[in-house]
Amino acid sequence: MRPWADWHAERGARLHRFVNEQLYPYSPFYRRLFDEQKVDPRSIRSVDDLRRIPFTTKHDIAPTADNPSRHLEIVLQPDMEKLRKFAPKGVLARLLLTRMLHDGETAREEVRREYGPVHVIFTTGRSAQPTQFVYSPIDFERLHLVGRRIAHVGGIEGSMRSLNVFPFAPHLAFWQTYAVGQSVPSLFVHTGGGKVLGTAGNVGALARMQPDVLIGVPGFVYHMLRQAASEGVKLTNLRKVALGGERVPLGLRAKLGELCAQMDAPDIRVQSVLGFTEARHCWAECVPPDHATSYGFHTYPDLEIFECVDPETDEPVGPGERGELVYTALEGRGSCVIRYKTGDIADTGITYDPCPGCGRIVPRVSSTLSRRSDVGEFQLTKIRGTLVDLNNFLPVMSSFDEVVEWQVIVRKKDGEALGLDEIVLSIALRDGADPETVKRKVVAKLLAEMEVAPNVIEVLPLERLTENLGLDTQMKELRIRDLRGARA
Ligand SMILES: [Zn+2]
């Protein structure tokens, strides 16, 4: 196994090459950034030098009304003239030789094979316009390379069969999953999720296929397994549930384990996968021993640098300390970012010691993530004097055994634009649970953990709440909704 000191020097060299041979010459955004900040790209030689480069945020690259194609400024855009000036000698010699032996068109084809866009995914954020990220053929190959690593870390083998219920969409989660299956190679059936086949279609596929692995968004997978259990489906092969696309609260893992046990799959492992569009690939957790343990997401030291910084001061935090994840690509064509502030806060940061589960020595990112409230998906103004991050409803609400489903809506009281903010929590309860007792428990825990209580808690029938959540009709479940800006 490679010692870390080695990696540190190697990564500095990779960073230097990437900045000088790709980003500075061909990325309009980063060339401007380096010039404006008077950072000489040649002086970026070690991982520590990264700190001299300003952060990139989603607001720097998302398209706006004034600049609808701003996202293209982070796409590497070489032309023959720039290549002649900046390409490493070997690459240049190959291109010139191609031009001599063949013609200009063949040389241009070569460049297209390396840099030309062949695939696009979009962000799904609510706080900025969807931003597109481009892959060149080389990037798409890397998505497969990463797919193989995810399979190794996550314990997916060629002989297993997987059912993928991520929605068909130009989103990272679906395409990364596709690449895992292709690269192992292993049989993956892609149903397209609730919107394509409905809950019934997905439960039917689960019952017929009897997969070893079930893959999808936490909310929909939970809903679908609940439905399967209520129909008396038996899962004779199921060994793993892999979740991505949304945060996975610890409480949900135990609930999924219990559901599967009811269906004759007593020993499943629930594993989550981290991904963000800006990195264009994902990271898996290795197989945990139980539903309460996670060894963190295993990152790829040869492909990227993760930093963890104090969300208030932007200063780096130590190993294992809470902070915001910052991502730097060390390779890539198409849309590339460095020092990208992800807005994800890792509760126990990044650790560098060998993984207790698999022994791999790679930086591991804490799997307990929260959103940074001021750049997060939802920004909440003060409610009764408290700033509330609505995303925190997720771990709290998932921790109640009696609550089968839930939804949070923030709206203006009585629908008046200038009215007070009001939080409405809808819940569906397990059979036999006493509504008043559960309501009291929920309020107490929300007050203790979030310093906020809903103004209204309504108990709804499960079918009605499932419908409100849009599990069969929406690309993304309507778990937490802020309707205050919405016109009636
Ligand atoms: Zn591991």
Debye log10 I(q)/I(0) at q = 0.20, 0.21 Å⁻¹ for the range 434-488, Cα point scatterers
-0.97, -1.02
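What FRET efficiency do you get for E81 and D35 if R0 is 22 Å and r is their Cβ-Cβ distance, rounded to the nearest 0.05? Let's see the in-between values first.
Working: r = 19 Å, r/R0 = 0.85.
Given R0 = 22 Å and the Cβ-Cβ separation, E is 0.75.
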At 0.36 nm per residue, minus the direct Cα-Cα distance, what do A292 and Q129 gain on full extension? Give it in nm, one decimal, please.
55.1 nm
Considering the dipole of the chain built from charges on the beta carbon (Lys and Arg +1, Asp and Glu -1) around the Cα centre, which of A107, I215, M397 is farthest to its positive end?
A107
Exceeding 24 Å between C-alpha atoms, which entries from my cross-link table qualify? They are K195/K441; K195/K445; K234/K441; K38/K85; K240/K445; K85/K341.
K195/K441; K195/K445; K234/K441; K240/K445; K85/K341
I need the fraction of alpha carbon pairs in the chain separated by more than 35 Å, rounded to a whole percent.
37 percent
I need the calculated FRET efficiency for the pair D310 and T57, taking r as the beta carbon distance and R₀ as 22 Å, to the nearest 0.05.
0.90
Calculate how steeply helix 89-101 sits against the longest principal axis of the alpha-carbon atoms of the chain, using the helix alpha-carbon long axis, and give the answer as 0 to 90 degrees to the nearest 10.
70 degrees
Assertion target for D49, D66, D347, ordered by fewest C-beta neighbours within 10 angstrom first, is D66, D347, D49
Electrostatic dipole magnitude of the chain [Cβ: Lys, Arg +1; Asp, Glu -1; Cα centre; debye, to 20]:
920 debye
Taking 1 over the mean of 1/r across every pair of different Cα atoms in the range 132-182, what Kirkwood radius in Å do you get?
11.7 Å
Dipole of the chain (Lys/Arg Cβ +1, Asp/Glu Cβ -1, origin at the Cα centre): which of A433, V184, M475 lies farthest to the positive side?
V184
With label points built 7 Å along Cα→Cβ from the Cα atoms of M450 and A261, find their separation and express it in nm.
2.8 nm
Contour minus Cα-Cα span, R112 to L187, at 0.36 nm per residue, comes to 23.9 nm
R142, R45, R208, R253 arranged by Cβ crowding within 10 Å, fewest neighbours leading:
R208, R45, R142, R253
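Given C-alpha coordinates of the range 73-153, what is the ratio Rg to Rh with the Kirkwood estimate of Rh?
Values: Rg = 16.4 Å, Rh = 14.9 Å.
Rg/Rh for the range 73-153 comes to 1.10.
Assuming R0 = 35 Å, can you tell me the calculated FRET efficiency for the pair Q210 and R70, based on Cβ-Cβ distance, to the nearest 0.05?
Working: r = 47 Å, r/R0 = 1.35.
Computed FRET efficiency for Q210 and R70: 0.15.
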Find the relative contact order for the range 133-221 and round it to a whole percent, using C-alpha pairs within less than 8 Å whose residues are 6+ positions apart.
35 percent
Non-local residues with an amide H under 5 Å from the amide H of G343, with H modelled 1.01 Å from N and Pro and chain starts lacking one, are L325
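Extension gain R17-D49, at 0.36 nm per residue separation less the Cα-Cα distance, in nm? Before the final figure, lay out each step's value.
On the way: separation 32, 0.36 × 32 = 11.52 nm, distance 1.33 nm.
Stretched out fully, the R17 to D49 stretch lengthens by 10.2 nm.
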Modelled label-to-label distance, V120 and K89, 7 Å Cα→beta-carbon offset: nm?
4.0 nm
Helix-only [θ]222 nm of the chain, DSSP H runs n ≥ 4, -39500 (n - 2.57) each, per residue, nearest 500
-10000 deg cm²/dmol
Could you give the angle, 0 to 90 degrees to the nearest 10, between helix 104-115's Cα long axis and the longest principal axis of the Cα atoms of the chain?
40 degrees
Any idea what the alpha-carbon Rg over 2.2 N^0.38 Å comes to for the range 218-292?
1.14
Unit Cα scatterers, Debye sum, the range 168-275: log10 I(q)/I(0) for q = 0.12, 0.21 Å⁻¹:
-0.37, -1.22
Using +1 on the beta carbon of Lys and Arg, -1 on that of Asp and Glu, and nothing else charged, what's the dipole of the range 18-87 about the Cα centre, debye to 20?
140 debye
Taking Cα atoms only, helix 194-209 is inclined relative to the longest principal axis of the chain by an angle, in degrees rounded to 10, of 80 degrees
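Throughout, read-outs are computed from the coordinates displayed, never taken from laboratory work. Bear in mind that the values here come from a model prediction, so they are computed numbers and not experimental data. Note that each Cβ is placed from the backbone with ideal geometry, even for glycine, and that neighbours are counted across all protein chains shown.
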